1. If you wrap the chain's Cα atoms in a convex hull and average its projection over all directions, what's the area in nm²?
2. Choose one answer from Ala156, Ala40, Ala93: the residue with the largest mean-square fluctuation in a GNM of the chain with alpha-carbon springs under 10 Å.
3. For the range 211-268 and the range 45-116, compute the distance between their C-alpha centroids and round to whole Å.
4. Taking the Cβ-Cβ separation of Gln130 and His107 as r and a Förster radius of 22 Å, what is the calculated FRET efficiency to the nearest 0.05?
5. For Ala337 and Lys3, FRET efficiency with R0 = 22 Å and r from the beta-carbon atoms, rounded to 0.05?
6. Could you work out how far helix 282-298 tilts from the main Cα principal axis of the chain, as a 0 to 90 degree angle to the nearest 10?
7. So for each of 157-163, 10-16, 177-183 I average, over its residues, the number of other beta carbons within 10 Å; can you give me the resulting order with the highest mean first?
8. For every helix of n ≥ 4 consecutive DSSP H residues, a contribution of -39,500 (n - 2.57) applies; sum these over the chain, divide by its total residues, and give [θ] at 222 nm rounded to the nearest 500 deg cm²/dmol.
Amino acid sequence: MVKVVTEFAHWDRSPEAAVKLAHRALGRLEEHPKVVVLLASQEYDLPAMLPALRMLLGDVPIWGSTLRQIWHPEGRPSRSLQVILLSGEEIQADTRWFTTWEQAEEHDLTRWEDSTLWVLLDALTPPAPQWLDWLRGHPGAIYGAVTGNAAYGHPARLCAGHRGGSGGMALLALRGLQASAAWATGWAPSGLLVEVTQSHGPRVVQFNGQPAAAQLSAWMGAPEEHWRRPPLRELVRLYPLTVETPEGMAWYAPLAVEQDGSLRLTLPLAPGTTAHLMVGSPQECLAAAQQAARQALEGLASQRPRLALLLVDWAWAHLFWARPQAVHQAVRQVLGAEVPIVGGYTYGPLVRPGSPPTPVQVLDNHLLLVLFE
């Protein structure tokens, strides 16, 4: 029988914080965990917590990352730490942390063919297209998120197994735990088509022959120089671009406006690309969150999830700044009061929406909900 126990801390940021939570969780779990997941806001140094956790737990796979914000049990986003313990005879796990794509490229993904692969990729770790292309070699399901604080240049603090540090990618290969996932968005085309006329890697330099920041000023009304500094340099994530492809719509949301006025993206947009400018609706986002919750529930055999992982794009935090609990509450209304909800805000979910070798996609401005039974 699979058991799940979660613990939460709001203020304690000491290296022993995770140990305190894990000790409390062990008392409730009443057996040794098979996997430990750590999720925290950017103020926490997760790798520094690993030695003490090892003293308590031994050689248990540990996997986690810092996110922009973490869900408080009451539903609001917060600067906090979550510890999740999973146990059960069926569960098996393996973890890896790669700091460079070359390290990952040398790893044989086929050894995990019977596993669901969970991925945490730092938003500032290049080159993102190569990382995602390499992940195509995994023959099973893939879920995860792009993490860190890209707008202010803070890489994600990742951990996997005995190791951890800044940047790169943390992987968890998990077997024996059934999951059902769904994703959705409340963003729709604004009706404005734009052409990328100049770009360098993941930076869009010009739209329609004009500097990117100048085009933002023309579209949104604020002076161009305001888009190069807070808060607008980060609020630009509210206006993603989508490109029509044979596989569907590809999403490209800005991480931030650079000092030179260009837009930094997770994935590159080639010059000559025509894209739709998208806008978000709070009402549509709440409807999308509940749609994803219902769809994920339908994928469970028992309809009684033990845990819900809710990963939401950072753009939603801006959209719901005045109602920070609204997204969590919308999901809670569908799942019920007894299901623990963990996770937080990221720079977009990572999913493989089909069978291998379907590409792994970054679903900017989306919500991803994964239910475990």
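1. Details: hull surface 68.8 nm².
Reported value for the Cα convex hull: 17.2 nm².
2. In the Gaussian network model the winner is Ala93.
3. Here the two parts' Cα centres lie 31 Å apart.
4. 0.95
5. Details: r = 19 Å, r/R0 = 0.89.
Efficiency, rounded to the nearest 0.05: 0.65.
6. Taking Cα atoms only, the helix is inclined about 40 degrees.
7. For the peptides 157-163, 10-16, 177-183, the packing ranking is 157-163, 177-183, 10-16.
8. Taking each H run of at least 4 residues, the total per residue is -6500 deg cm²/dmol.
No lab work stands behind these numbers, since they all come straight from the coordinates. The structure presented is a predicted model; accordingly, all values stated were derived computationally and were not measured. A quick note on method: Cβ atoms are made from the backbone with ideal geometry, for glycine too, and the neighbour counts reach across all protein chains shown.
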